[in-house]
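Undergrad: Sharing a structure here in structure tokens format.
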Amino acid sequence: MLTILVANIKGGCGKTTLATHLAAASAVAGLSTVLADVDRQHSSLGWLERRPDTAPRVVGVDWAKDITDIPRGYRRLVIDAPAALKTKQIEDLVKMADLVVLPVLPGAFDEQATQRFLGKLDELKSIAKHKKAVAVVGNRVRARTKAADRLDQFLGGIGHQVVARLRDSQIYADAAATGLSLFDMPGKRAAEHRSDWAPLLGCIDGV
């Protein structure tokens, strides 16, 4: 089972959006998928409750209090981590993961928090020795803005691979409200935004 950890100590950077989309992308691709929600707010589990029965199935598990075993037979596990992770939590979750996906928003506060989190990750032997990769994703990026330019400068100096930049769009809120993702939605608009995810999905397939 391939395990993807979506994490950053900064709240509001899009962890749940990435986690639910990665889970849905796996399910749409025909992979049996589990989405583990570690956040007490249960945003990912709420998304699953809204997910229609006609959409490819994603199984949800509640890890807010305890990390429980995943039944055998599943091929993909996506972990939606909470903000303000403690060092021990980071160590435990990274140990489980094959890949860490780290979203970051344009903005000084998000960049500062992300830099601190990357510092904690770099202290872990598995990350420092490149046994496990960190895939950084620029999230809610608006092209040709000063914030986007600043984010590019920040991402260029963090020492980890920046695999994708996701455009800012209302389509993500629309999808979340109905328990769907871009990978479930028809139409040209969804297809255009799905193209932003191709490098990240390719990175995951290469793990």
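None of the figures in this text is laboratory data; all of them are computed from the coordinates on show. Since this is a predicted model, take the numbers as computed values, not measurements. Positions of Cβ are backbone-derived with ideal geometry, glycine not excepted, and every protein chain shown enters the neighbour counts.
Undergrad: For the range 3-49, rounded, prolate or oblate, judged on the Cα gyration tensor with a ≥ b ≥ c (square roots of eigenvalues), a/c < 1.5 rounded, else prolate if a/b > b/c?
TA: It comes out prolate by the Cα gyration axes.
Undergrad: Once you sort the root eigenvalues of the Cα gyration tensor of the range 37-93 as a ≥ b ≥ c, which label holds: rounded (a/c under 1.5), prolate (a/b larger than b/c) or oblate (the other case)?
TA: Judged from the Cα gyration tensor, the range 37-93 comes out oblate (a/c at least 1.5, b/c at or above a/b).
Undergrad: A further question on this structure: With +1 on the Cβ of every Lys and Arg and -1 on the Cβ of every Asp and Glu, and nothing else charged, how large is the dipole of the range 123-207 about its Cα centre, in debye rounded to the nearest 20?
TA: 240
Undergrad: Relative to the Cα centre, what is the charge dipole magnitude of the chain, using +1 at the beta carbon of each Lys and Arg, -1 at the beta carbon of each Asp and Glu, and rounding to the nearest 20 debye?
TA: Its charge dipole is roughly 300 debye.
Undergrad: Subtracting the Cα-Cα distance from 0.36 nm times the residue separation, let me have the gained length for A83 to K129 in nm, one decimal.
TA: Working: separation 46, 0.36 × 46 = 16.56 nm, distance 2.50 nm.
Going from the current span to full extension adds 14.1 nm.
Undergrad: Now for a separate question. Using only helices, what value at 222 nm comes out for the chain when you add -39,500 (n - 2.57) per DSSP H run of length 4 or more and divide by the total residues, to the nearest 500 deg cm²/dmol?
TA: So the helix-based figure for the chain works out to -11500 deg cm²/dmol.
Undergrad: Something else: Beta carbons within 10 angstrom, averaged per residue: use that to sort the peptides 6-19, 153-166, highest first.
TA: The packing order, highest mean first, is 6-19, 153-166.
Undergrad: Continuing with the same structure: Please go through the residue pairs K146/K188; K95/K125; K15/K131 and name each one whose alpha carbons sit more than 20 Å apart in this structure.
TA: Table pairs above 20 Å Cα-Cα are K146/K188; K15/K131.
Undergrad: Per the Kirkwood treatment, what hydrodynamic radius in Å, one decimal, follows for the range 2-206 from the mean inverse distance over all distinct Cα pairs? Walk me through the intermediate numbers first.
TA: On the way: mean 1/r = 0.0585 Å⁻¹.
Every distinct Cα pair counted, the radius reaches 17.1 Å.
Undergrad: Another question, if that's okay. I want to verify a result. In a Gaussian network model of the chain, Cα cutoff 10 Å, which of these has the top mean-square fluctuation: G73, G138, G179?
TA: Most flexible of the set in this elastic network: G73.
Undergrad: Further question on the same structure: If you find the alpha carbon centre of the range 152-204 and of the range 1-33, how far apart are they in angstrom?
TA: The distance from the Cα centre of the range 152-204 to that of the range 1-33 comes to 11 Å.
Undergrad: While we're looking at this one, here's another question. Rounded to the nearest 5, what % of the DSSP beta bridges within the chain are antiparallel ones? Write down the numbers at each step before the final one.
TA: Numbers: 0 of 28 bridges.
Looking only at bridges with both residues in the chain, the antiparallel portion is about 0 percent.
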